[in-house]
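What follows is a single structure, written as structure tokens, with notes after it.
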Amino acid sequence: MRALVPVLQRSDGAWVGWHGSAGVQHEPFEHDGISQVPVDLSEEEVDGFYHGFCNGTLWPLYHDAIVAPEFHRHWWRPYARVNERYAEGAAEVLRDGDVAWVQDYQLQLVPSMLRDRRPVATVGFYLHIPFPPIEIFSRLPWRREIVEGLLGADVVAFQTRRSADNFARAARRYGGAESVGRRDLRWQGRLVHLQPAPIAIDTAQFEELAASPEVQERAAALLHELGGVEHLILGVDRLDYTKGIDLRLKAFAGLLENHPDDKRRFAFVQLAVPSREHVPAYQQLRMEIEQLVGRINGDHGEAGWTPVSYLYRSLPLEELVAYYVAADVMLVTPLRDGMNLVAKEYVASRAGGDGVLVLSEFAGAAEQLRSGVIVNPYDVDGVTGALEFATSMTRRQQRARMRRLQRTVREEDVFAWADQCLSTLEMPVIGAELRQALATAAEAPVLVVAADYDGTLAPIVADPAAAAPHGPALDALVALAGIDGVEAMIVSGRSREALASLAGAPEGVVLVGSHGAEWPDGSLDGEDPARLVEELAAVADRYEGTLLEAKPAGAALHYREARSPGDAAAAAREVGARHGARVIDGKLVVELLLGSADKGEAIRRVRERAGAAAVVFFGDDTTDEDVFATLDDGDVGVKVGGGDTRARFRVDDPEGVAAALQWLAEARG
Ligand code: ADQ
């Protein structure tokens with residue numbers, strides 16, 4: 001849970017959790033700037049709930065049943081009871097409008113229990129371990145209860161897309177939920193959003209530690225203590241049967257067998273944190289690994305050189321990072337892992353930009369860290385081969401891969417992860433009906449998404465020349481513009497020039513100015529304003545006393561001084577008709593305008609041209625009502641702020657527009 005500490009410190013949150021000592025009562029207290037609300041558990045509860053149902057049933061089941069899960073009713077009952085206790089604790093500190101963020105597989109019933117107690121709270125759930133394929137999940141006697149527990153959340157987030165898809169199937173089959181778009185479920189009249197959100201680390205912290213002189217010195221000393229080997233291969237895990245430590249050791253033994261004459265070039269260090277020592281499967285695993293280490297050292301060790309060093313303890317962070325710095329090969333080979341933070345920590349700690357990450361294809365991290373050397377951990381010879389490859393790579397080859405890995409862990413750190421999760425949780429500022437309508441519109445093969453500017457994408461300010469866009473709203477519109485089959489646009493009463501200077505030419509977003517009259521190419525549907533202006537200029541030349549005025553999407557002929565005004569006006573009208581322009585007879589002036597007459601017509605024409613099956617439009621102004629009036633049933637019209645409207649939906653302000661656009665991008669993406 002180290003990943004969550006910086007997030008809580010920054011967000012003024014409270015932590016509701018068990019303190020780890022059975023049968024002891026604690027009062028709420030503050031630690032590390034985080035307010036702690038303890039949940040007290042009796043020894044009996046810890047046995048049934050934690051050692052039993054969490055570690056003996058759910059953990060193995062969710063990790064592809066690598067070890068046979070046990071199903072006991074006397075474990076299930078305390079699981080449900082303890083979940084109830086957490087829900088009570090959380091409900092007590094939760095105020096209206098707060099967000100509750102429930103963590104992990106131990107608390108899968110809490111979202112629904114919390115919703116029963118605090119119907120207006122926003123509830124998110126994050127699963128740190130994989131959600132298994134339905135063939136495995138379906139063995140669980142309490143599969144319906146678990147699925148319904150999770151469906152109480154507004155957002156259920158997972159490490160990988162694969163897990164999100166697995167859950168969607170289980171929720172449809174056992175919870176009777178219905179899929180809406182790619183990433184939403186409808187359940188009991190509410191929408192539940194499924195969000196893949198790979199967890200990450202505080203990258204900067206590891207980078208800084210790794211670069212510090214103390215850690216660098218310690219790393220050099222470690223290499224020296226290991227006999228100055230050429231290649232230090234490292235494994236770092238909780239001692240858990242999902243981590244594939246035994247197969248990894250065998251793969252290392254294979255490397256030694258391949259190198260009878262120069263095996264002293266290699267050393268393998270396995271750091272193992274004690275874990276779940278009460279559970280028999282873990283006691284058994286510890287014994288097996290220690291025997292295997294003994295056997296490899298017995299078979300291959302020589303005076304002054306021990307091939308495998310095995311440390312069964314938790315190390316201080318500085319010491320751990322020193323190992324990351326010292327090791328030129330990191331071996332991360334879980335048989336199934338939600339994410340695996342060790343892989344990311346190693347990458348962040350490689351201050352010199354070299355080193356090789358050998359990574360299991362069954363770790364969630366493999367979805368992101370594709371430039372690692374990816375292996376099937378069950379294939380012992382394959383992992384030995386990967387070790388041969390890793391230890392024969394040049395520094396240059398190492399750096400090329402490591403550079404890409406480091407870019408990923410830098411850009412996608414724990415703060416970006418938390419922002420991603422929390423911003424999805426904040427979405428409910430838009431109503432459930434609107435979310436549902438957007439999710440349906442997102443399914444259209446071609447979709448037009450358009451918004452007015454002032455008061456919609458930009459908050460109204462006293463000086464119109466200073467109306468800056470709402471960052472997240474504009475970002476979301478740009479994100480939508482980048483999605484296949486989405487036509488994104490801003491339609492405003494301002495001139496295109498003014499719009500572009502205020503909104504800063506957002507990438508891929510079409511700017512339409514002057515209430516729909518001004519388009520990027522100066523016209524719409526191939527009408528050429530340059531030719532229209534040219535022909536009107538010829539008319540002006542022919543009729544003395546007339547005056548030509550160029551306009552953003554057309555031109556006007558003033559004839560108040562003309563010798564034969566009637567003829568001049570008629571000639572101008574003729575030019576307009578030839579170009580399909582709107583001809584507006586003013587006072588002693590004929591105005592010819594290309595493009596649409598109002599925003600409604602502009603949207604109608606875009607829909608036609610793009611062949612769009614749905615339109616989503618946001619606006620706050622009376623001129624936006626022209627658009628709302630043209631929308632059909634499958635379209636989504638959203639009025640921003642108060643006042644009468646023909647739009648079916650409403651949000652309060654540009655922030656609401658941002659939330660709706662983000663939701664739409666999620667649903668579409
Ligand atoms: P874990 O199964 O514990 O986490 P992992 O993500 O690798 O797996 O995290 C282990 C943490 O323990 C790392 O931060 C590592 O630095 C630390 N650690 C390991 N050995 C150590 C040692 N000897 N001394 C000190 N610290 C040590 C679960 C899921 C993962 C998921 C995480 C986070 O199983 O898949 O990535 O939660 O969501």
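Entry remark, region 365-384: residues being of a type in the set (Gly, Ala, Ser), open to solvent by 10 Å² or more (accessible area, probe 1.4 Å) and within 16 Å of the ligand (Cβ to nearest atom) number 1 in total.
Taken over region 545-562, the criterion of being open to solvent by 30 Å² or more (accessible area, probe 1.4 Å), assigned to a strand (DSSP E or B) and modelled with pLDDT of 90 or more is satisfied by 547, 548, 558. Among the residues of region 223-238, those that are touching a residue at least 12 places away in the same chain (Cβ under 8 Å), out of contact with any Leu (no Cβ under 6 Å at 6 or more places or on another chain) and either more than 16 Å from the ligand (Cβ to nearest atom) or within 13 Å of residue 309 (Cα to Cα) (or both) comprise 223, 226, 227, 229, 230, 231, 232, 234.
One residue is enough: does region 432-442 have a residue meeting the conditions within 14 Å of the ligand (Cβ to nearest atom) and on the phi < 0 side of the Ramachandran plot?
The answer is no; no qualifying residue exists.
Kindly provide the set of residues from region 295-332 that are more than 15 Å from residue 253 (Cα to Cα) and of a type in the set (Ser, Thr, Tyr), ordered by number. Result: 312, 314, 323, 324. Close Cβ contacts (under 6 Å, 6 or more residues apart or on different chains) running from residues in region 413-427 that are modelled with pLDDT of 80 or more to residues that are buried (at least 17 other Cβ atoms within 10 Å of the Cβ) and in a helix (DSSP H, G or I) comprise 413/203; 414/3; 418/7.
Among the residues of region 223-255, the one identified as surrounded by fewer than 20 Cβ atoms within 10 Å (Cβ to Cβ), part of a helix (DSSP H, G or I) and touching a strand residue (DSSP E or B) at 6+ places or on another chain (Cβ under 8 Å) is 223.
Suppose the filter is in a strand (DSSP E or B) and either away from the ligand (no atom under 16 Å from the Cβ) or closer than 26 Å to residue 259 by Cβ (or both); does residue 387 pass it? For residue 387, the condition - in a strand (DSSP E or B) and either away from the ligand (no atom under 16 Å from the Cβ) or closer than 26 Å to residue 259 by Cβ (or both) - is not met.
The lone criterion from (1) open to solvent by 60 Å² or more (accessible area, probe 1.4 Å); (2) touching an Asp or Glu at 6+ places or on another chain (Cβ under 6 Å) left unmet by residue 410 is number (2). The residue that is nearest to the chain's Cα centre (by Cα), counting only those in region 575-621 that are open to solvent by 50 Å² or more (accessible area, probe 1.4 Å) and on the phi > 0 side of the Ramachandran plot, is 611. Among the residues of region 311-339, how many are open to solvent by 10 Å² or more (accessible area, probe 1.4 Å) and within 11 Å of the ligand (Cβ to nearest atom)? The number of residues fulfilling the criteria is 13. Of all positions in region 239-247, at least one carries a residue that is without any contact (Cβ under 8 Å) to a residue 60 or more places away in the chain and more than 16 Å from the ligand (Cβ to nearest atom). Restricting attention to region 341-351 and to residues that are near the ligand (Cβ under 8 Å from one of its atoms) and either hydroxyl-bearing (Ser, Thr, Tyr) or open to solvent by 10 Å² or more (accessible area, probe 1.4 Å) (or both), the residue that is farthest from residue 202 (Cα to Cα) turns out to be 342.
The set of residues from region 435-455 being under 22 Å from the mean Cα position of the chain (by Cα) and surrounded by fewer than 20 Cβ atoms within 10 Å (Cβ to Cβ) comprises 436, 440, 443. Selection of region 91-148 for residues being in a helix (DSSP H, G or I), free of Cβ contacts under 8 Å to residues at least 40 places away in the same chain, open to solvent by 50 Å² or more (accessible area, probe 1.4 Å) and within 19 Å of residue 186 (Cα to Cα) yields 116, 143, 144, 148. With the condition kept exactly as written, say whether any residue in region 26-45 is within 16 Å of the ligand (Cβ to nearest atom), of a type outside the set (Val, Ile, Thr) and either out of contact with any strand residue (DSSP E or B) (no Cβ under 6 Å at 6 or more places or on another chain) or at pLDDT 85 or above (or both). Checked against the condition, which is being within 16 Å of the ligand (Cβ to nearest atom), of a type outside the set (Val, Ile, Thr) and either out of contact with any strand residue (DSSP E or B) (no Cβ under 6 Å at 6 or more places or on another chain) or at pLDDT 85 or above (or both), region 26-45 yields no hits at all.
When you check residue 202 against the structure, is it free of Cβ contacts under 8 Å to residues at least 12 places away in the same chain and more than 23 Å from residue 83 (Cβ to Cβ), yes or no?
Against the criterion (free of Cβ contacts under 8 Å to residues at least 12 places away in the same chain and more than 23 Å from residue 83 (Cβ to Cβ)), residue 202 does not qualify.
Go through region 362-383 and count every residue that is charged (D, E, K, R) and part of a loop (DSSP other than H, G, I, E, B). Within region 362-383, residues that are charged (D, E, K, R) and part of a loop (DSSP other than H, G, I, E, B) number 2. Residue 233 satisfies every condition listed in (1) in contact with a Phe, Trp or Tyr (Cβ under 9 Å, 6 or more places away or on another chain); (2) more than 20 Å from residue 376 (Cβ to Cβ) except (2). Only residues that are open to solvent by 10 Å² or more (accessible area, probe 1.4 Å), at pLDDT 95 or above and outside any loop (DSSP other than H, G, I, E, B) were counted across region 187-222, and they come to 13. Of the residues screened, residue 263 is one that is open to solvent by 10 Å² or more (accessible area, probe 1.4 Å) and more than 24 Å from residue 343 (Cα to Cα).
Hey, can you tell me all the residues within region 248-295 that are within 16 Å of the ligand (Cβ to nearest atom), over 39 Å from the mean Cα position of the chain (by Cα) and touching a residue at least 24 places away in the same chain (Cβ under 8 Å)? The answer is 293, and nothing else. Just one residue in the set 530, 479 is open to solvent by 40 Å² or more (accessible area, probe 1.4 Å) and either under 30 Å from residue 569 (Cβ atoms) or touching a Phe, Trp or Tyr at 6+ places or on another chain (Cβ under 6 Å) (or both); that residue is 530.
The values are calculated or read from the model by the stated rules, or taken from the named source; none is laboratory data. What you are looking at is a predicted structure, and each value in this text was computed from that prediction instead of being measured. Glycine also receives a Cβ, built like all others from the backbone with ideal geometry; neighbour counts cover every protein chain displayed. What goes into the accessible areas is simple: the full protein's heavy atoms, side chains included, and nothing from ligands, DNA or RNA. Shrake-Rupley method; radii C 1.70, N 1.55, O 1.52, S 1.80 Å.
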